[in-house]
Amino acid sequence: MTLRTVSGVVSSQALVAGRVRDALTGGAPPRLSNLSLALRRGGESAFGPFPGPVRLMDGMHFTTWGSLERLFPAGPPPGGLDFRVEVEAPGYRPGLAEFSVPAEHLVPVEEVVQVGDREVRVTAFPNLPRIVEVALEPLPVALAGWVIDDHDPETPVPGATARVTAPAPRGPVTTDERGYFRIPDLPVALSVTVEIQQGPRSLVQEVALRPTDPLNERTFSLPA
């Protein structure tokens, strides 16, 4: 139970709290373009916007505050409440998390809490906030590469075959006169295995990816 006080008076309670994370790395995405919370009374067909702001904090943690007594002065809905968290971020697929709070978890209780140096009796909901985590899956990225001669970095290698072999195959593609190639729609991963071949010459290299960069660029030195 998390309460907020204003001038020493308990004003609201955290109802939903959570975190947005990168499904691949586990870290926080660089930024969000949308974070919204919707609410539906149990038994209703449609969600409506939650009547209050969602506060975004460091590390992509978020909290929404409110008072169920003000939201539902006649008492908690007998069918409980359904919540929906929607998240959008550049470079990621939209994220969605839905969860329900049954009516028996919306029964208020009176508790004594410490506010500063005073004990205050409050009516609160001990089963809130509900904690939710929204994992965002990165969009597929592309790999652009330049294949050069291992003994002469100024010499491109045209006509070489480039492919991704793991964690899932992509390609093959052929380098142009500049030794350039591009493989789109890579597997969503932190790294891929790239194989370059021209006749008897070959190279296998593990390439670390930046999942939030639409185009990852690398140079490959093909040995003799």
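Annotations
- Screening region 197-224 for residues that are hydroxyl-bearing (Ser, Thr, Tyr) and under 30 Å from Gly27 (Cβ atoms) and picking the one that is surrounded by the fewest Cβ atoms within 10 Å (Cβ to Cβ) gives Thr219.
- Qualifying positions in region 6-57 - of a type in the set (S, T, N, Q) and either part of a strand (DSSP E or B) or modelled with pLDDT of 95 or more (or both): Ser11, Ser12, Gln13, Ser33, Asn34, Ser36
- Hey, Leu128 assigned by TED's automatic domain parsing to the domain that holds Gly66, under 30 Å from Gly27 (Cβ atoms) and part of a loop (DSSP other than H, G, I, E, B) or not: yes
- Within region 178-196, restricting attention to residues that are at negative phi and among the charged types (D, E, K, R), the residue that is surrounded by the fewest Cβ atoms within 10 Å (Cβ to Cβ) is Arg178.
- Gly43 being surrounded by fewer than 19 Cβ atoms within 10 Å (Cβ to Cβ) and more than 23 Å from Leu139 (Cα to Cα): yes
- Candidates are the residues of region 123-177 that are within 30 Å of Val54 (Cβ to Cβ) and among the charged types (D, E, K, R); the one that is surrounded by the fewest Cβ atoms within 10 Å (Cβ to Cβ) is Glu133.
- Among residues of region 194-220 that are farther than 18 Å from Pro167 by Cβ, those with a Cβ under 8 angstrom from a residue that is acidic (Asp, Glu) and surrounded by 13 or more Cβ atoms within 10 Å (Cβ to Cβ), sequence gap 6+ or separate chain, pair up as Ser202/Glu195; Leu203/Glu195.
The values are calculated or read from the model by the stated rules, or taken from the named source; none is laboratory data. This structure is a prediction, so every number in the text was calculated from the model and none was measured. Cβ coordinates were reconstructed from backbone atoms using ideal geometry, including for glycine residues, and neighbour counts include every protein chain displayed.
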